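K.L.:
The structure under discussion is supplied below as structure tokens; questions concerning it will follow.
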Amino acid sequence: MTASTTTTATTTTATTTTDKGTPGSEAGHRRATPALGGLNTTLLAIELRRVLRNRRTLVFTLAMPAVFFLIFGVGAEYAGKDAGRGNVSAFIMISMAAYGAMIATTSSGAAVATERALGWSRQLRLTPLRPAAYVAVKIATAMVLGAVSVVVVYVLGALTSADMDGIGLWVSTALVAWAGAVVFAAFGLFMGYLLPSENVMQVLGPVLAVLAFGGGLFMPLEEGSTLATIAEFTPMYGIAKLAHAPLTGDSVQWTWVLNVVAWAVVFTVGAAWRMRRDTARV
Amino acid sequence: MTTTLDTTAPSRMRHRAPAISLRGVAKSFGSVEAVRGIDLEVQQGEIIAFLGPNGAGKTTTIDLLLGLSRPSSGSVELFGTAPRTAVEQGLVSAVMQTGGLLKDLTVEETLRLTASLFASATEPAEVMRRAGLLEVADRRVGACSGGQQQRLRFAMALLPDPDLLILDEPTTGMDVTARREFWAAIREDAERGRTILFATHYLEEADAYADRVVLVRKGEVVADGTAAEVKALAAGRTVRATFPGASAEELARIPGVDGCEVRGDTVLLHSSDSDAVARHLLTATPARDLEIEARGIEDAFLALTADHDGDDQ
């Protein structure tokens with residue numbers, strides 16, 4: 001809708017109400033449409049509260065990566081082993097933080113499946129909220145939850161055996177692990193719009209685990225092996241490489257960036273396609 | 001300002017647009033015609049019942065009114081604008097039959113969230129008071145009874161202080177007490193002058209709460225009048241006759257006829273004075289094979305709205 005039509009419609013209906021002298025006419029307030037397609041901080045705050053209230057989400061996005069780190073990343077064996085500009089403990093910390101962030105963003109995105117099943121999406125279409133604003137809130141929520149997941153693992157790492165050369169590496173690896181997870185917010189949205197189930201995460205949880213192993217996120221794959229070659233085409237590969245690069249000191253390769261960009265495009269286009277279909281007026 | 005309106009409203013309208021204007025609206029899903037050409041104009045301040053059996057096209061029409069779907073043909077306008085524009089401005093809101101609630105939010109959170117989406121909205125506490133939800137404000141929606149959830153939907157619909165409120169079979173599945181409480185809240189709200197359209201398949205609800213009743217059957221309007229008129233229509237007798245070549249316009253002019261239907265060579269005339277109609281048919285027209293049937297209100301309503309074999313177009 002263009003600005004000019006809004007103005008015309010507003011004028012028209014304002015006249016109507018003033019003449020009528022019925023509810024709300026004194027105020028004449030509701031002729032306006034909300035800014036940003038209905039996007040606002042109350043909506044964001046309540047969405048976040050919903051996420052933090054969901055025990056299952058908290059277990060999978062915060063507790064599980066933290067516990068995995070404590071099991072697989074803490075101890076003299078890892079602390080003593082060198083991983084470039086830090087120890088193996090730090091390497092695993094980065095892996096788990098990225099994994100947690102990706103689970104967090106996927107589950108936040110996939111929450112649209114539940115909301116569709118409950119008829120909430122339809123209810124929202126009886127409000128001024130635009131689909132794009134709804135998706136923006138989902139992504140923002142996903143990224144906040146992803147950030148919490150990263151911070152939890154990093155705090156545990158700092159308190160235990162993770163070691164990196166300087167605060168700069170802590171910050172840069174954390175930021176890359178977190179930012180990369182946005183690709184999986186798009187993945188979650190895509191799956192949330194694609195799959196009819198109310199429990200999409202029961203399907204996506206194992207899928208993410210397979211992608212993490214297959215993409216070499218948990219442990220580096222043997223150079224030159226078939227698995228390593230396949231890994232380069234899977235969606236967690238680029239993020240895993242980029243997040244670890246500051247620690248390992250490997251120079252960033254364009255194939256990693258290409259991997260991230262390509263999957264980001266695939267998931268975003270997929271999500272937009274399914275969303276358009278879902279919100280289309282038939 | 002008024003000039004703007006005059007260009008959008010039909011010329012016979014006074015200075016304000018009708019709350020609802022449906023012109024030749026049809027909607028098909030594949031080969032299924034859910035709505036087959038409805039014309040309906042609802043003036044501001046009317047309380048109108050959309051009465052008909054399940055599958056009559058009530059929900060489809062409501063979806064069209066709310067901009068949730070697009071008509072296959074015809075036009076839909078609310079207050080002279082497109083439905084989606086009316087929704088975005090908070091001019092229209094709706095209480096749907098089921099769903100549409102997040103179980104993990106509290107009643108108050110649901111209302112605060114919904115309110116935040118509008119440019120301007122009534123305080124959640126105020127709509128909770130009006131919908132009788134204050135005592136369950138902090139209860140999770142999932143823990144609320146069906147009646148409470150329905151009142152929450154009603155409270156949500158009140159938030160933008162809409163000029164038009166649409167209710168789709170709002171009391172389905174409620175027990176008698178919940179139904180009474182729900183209608184009490186609606187009735188109190190209606191006194192504020194809001195235009196209300198509700199779909200129902202309960203004749204007594206239409207009779208008790210609407211100023212005007214629109215009877216729909218198989219996607220078409222079969223009767224439209226005040227509750228009293230429609231009741232009289234339903235309460236009278238039906239004269240059935242074989243009358244080849246009769247037109248509905250001609251039949252409607254017969255004194256005493258308040259509803260008529262032509263099915264091929266057979267005509268059905270509803271009247272509260274069936275004797276006069278029968279006398280006229282036998283003396284002034286070529287009609288023959290007369291049958292006169294008396295019916296109770298419910299029977300007549302069913303007959304008016306029921307599916308008949310052989311009248312598919």
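K.L.:
Could you list, in sequence order, the residues of the range B:126-176 that are touching a Leu at 6+ places or on another chain (Cβ under 8 Å), under 13 Å from B:Leu111 (Cβ atoms) and basic (Lys, Arg)?
P.N.:
Within the range B:126-176, B:Arg130, B:Arg151, B:Arg153 meet the criteria.
K.L.:
Going by the conditions given, is B:Val95 under 17 Å from the mean Cα position of the chain (by Cα) and buried (at least 22 other Cβ atoms within 10 Å of the Cβ)? So that I can check it myself, show each step before the final result.
P.N.:
Numbers: under 17 Å from the mean Cα position of the chain (by Cα): yes; buried (at least 22 other Cβ atoms within 10 Å of the Cβ): yes.
When the stated conditions are applied, B:Val95 passes them.
K.L.:
Can you list residue pairs whose Cβ atoms sit under 6 Å apart, with the first residue in the range B:114-143 being not assigned by TED's automatic domain parsing to the domain that holds B:Asp189 and the second being of a type in the set (Val, Ile, Thr) and surrounded by fewer than 18 Cβ atoms within 10 Å (Cβ to Cβ)? Count only pairs 6 or more apart in sequence or on different chains.
P.N.:
none
K.L.:
Let me ask something else. Return the only residue of A:Val137, A:Val150 being touching a Leu at 6+ places or on another chain (Cβ under 8 Å) and of a type outside the set (Ser, Thr, Tyr). If you could, list the steps in order and put the result at the bottom.
P.N.:
On the way: A:Val150 fails: touching a Leu at 6+ places or on another chain (Cβ under 8 Å).
Of A:Val137, A:Val150, the one residue that is touching a Leu at 6+ places or on another chain (Cβ under 8 Å) and of a type outside the set (Ser, Thr, Tyr) is A:Val137.
K.L.:
Let me ask you something else. Assess whether B:Arg151 counts as being surrounded by fewer than 19 Cβ atoms within 10 Å (Cβ to Cβ) and either assigned to a helix (DSSP H, G or I) or in the same structural domain as B:Glu88 (by TED's automatic domain parsing) (or both).
P.N.:
Values: surrounded by fewer than 19 Cβ atoms within 10 Å (Cβ to Cβ): no; either assigned to a helix (DSSP H, G or I) or in the same structural domain as B:Glu88 (by TED's automatic domain parsing) (or both): yes.
No.
K.L.:
Name the residue, out of A:Ala113, A:Ala162, A:Ala185, that is surrounded by 23 or more Cβ atoms within 10 Å (Cβ to Cβ) and touching a strand residue (DSSP E or B) at 6+ places or on another chain (Cβ under 8 Å).
P.N.:
Values: A:Ala113 fails: touching a strand residue (DSSP E or B) at 6+ places or on another chain (Cβ under 8 Å); A:Ala185 fails: touching a strand residue (DSSP E or B) at 6+ places or on another chain (Cβ under 8 Å).
None of the others qualify; the one that does is A:Ala162.
K.L.:
Further, regarding this structure: Touching a residue at least 60 places away in the same chain (Cβ under 8 Å) and facing chain A (nearest Cβ under 7 Å): which single residue out of B:Leu91, B:Leu68, B:Leu51 fits that description?
P.N.:
Only one candidate passes the filter, namely B:Leu91.
Conditions (1) surrounded by fewer than 17 Cβ atoms within 10 Å (Cβ to Cβ); (2) β-branched (Val, Ile, Thr); (3) more than 18 Å from the chain's Cα centre (by Cα), marked per residue:
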| position | (1), (2), (3) |
| --- | --- |
| A:Leu52 | yes, no, no |
| A:Thr61 | no, yes, no |
| A:Pro65 | no, no, no |
| A:Phe69 | no, no, yes |
| A:Asp82 | yes, no, yes |
| A:Met93 | no, no, yes |
| A:Tyr99 | no, no, no |
| A:Ala104 | no, no, no |
| A:Ala117 | yes, no, yes |
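K.L.:
Spot the failing condition for A:Leu124; the list is (1) within 14 Å of chain B (Cβ to nearest Cβ); (2) over 30 Å from B:Gly67 (Cα atoms); (3) modelled with pLDDT of 90 or more, and only one is missed.
P.N.:
Going through the list (1) within 14 Å of chain B (Cβ to nearest Cβ); (2) over 30 Å from B:Gly67 (Cα atoms); (3) modelled with pLDDT of 90 or more, A:Leu124 breaks only (2).
K.L.:
May I pose another question? Of all residues in the range B:264-289, which are outside any loop (DSSP other than H, G, I, E, B) and either aliphatic (A, V, I, L, M) or surrounded by fewer than 12 Cβ atoms within 10 Å (Cβ to Cβ) (or both)? Full working, then the answer.
P.N.:
The first filter runs over the range B:264-289 and keeps only residues outside any loop (DSSP other than H, G, I, E, B), leaving B:266-271, B:274-284, B:288-289.
Result: B:Val267, B:Leu268, B:Leu269, B:Ala276, B:Val277, B:Ala278, B:Leu281, B:Leu282, B:Thr283, B:Ala284, B:Arg288, B:Asp289.
K.L.:
Pairs only if they're at least six apart or on different chains, beta carbon under 7 angstrom, first in the range A:117-130 and at negative phi and hydrophobic (A, V, I, L, M, F, W, C), second in a helix (DSSP H, G or I) and crowded, with 20+ Cβ neighbours inside 10 Å; list them, first residue then second.
P.N.:
Listed by first residue and then by second, the contacts come to A:Leu124/A:Tyr134; A:Leu126/B:Val87; A:Leu129/A:Gly38.
K.L.:
Yes or no: the range A:124-135 includes at least one residue that is in contact with a Gly (Cβ under 9 Å, 6 or more places away or on another chain), among the basic types (Lys, Arg) and under 25 Å from B:Ala86 (Cβ atoms).
P.N.:
For the range A:124-135, residues in contact with a Gly (Cβ under 9 Å, 6 or more places away or on another chain), among the basic types (Lys, Arg) and under 25 Å from B:Ala86 (Cβ atoms): present.
K.L.:
Within the range A:18-50, restricting attention to residues that are among the small types (Gly, Ala, Ser) and on the phi < 0 side of the Ramachandran plot, which residue is modelled with the lowest pLDDT? Steps first, answer last, please.
P.N.:
Of the range A:18-50, the ones among the small types (Gly, Ala, Ser) are A:21, A:24-25, A:27-28, A:32, A:35, A:37-38, A:45.
The next check asks that each one be on the phi < 0 side of the Ramachandran plot; those that pass are A:25, A:27, A:32, A:35, A:45.
Numbers: A:Ser25: 40, A:Ala27: 34, A:Ala32: 86, A:Ala35: 87, A:Ala45: 95.
Of everything passing the filter in the range A:18-50, A:Ala27 is modelled with the lowest pLDDT.
K.L.:
Here's something else I'd like to know. Cβ contacts < 7 Å: first residue closer than 15 Å to A:Thr61 by Cα, restricted to the range A:206-217; second residue not in a helix (DSSP H, G or I), any location; separation 6+ or different chain. Result?
P.N.:
Final answer for the pair search is A:Ala212/A:Phe218; A:Ala212/A:Met236.
The values are calculated or read from the model by the stated rules, or taken from the named source; none is laboratory data. In this text, all values refer to a predicted model and were calculated from it rather than measured experimentally. Cβ coordinates were reconstructed from backbone atoms using ideal geometry, including for glycine residues, and neighbour counts include every protein chain displayed.
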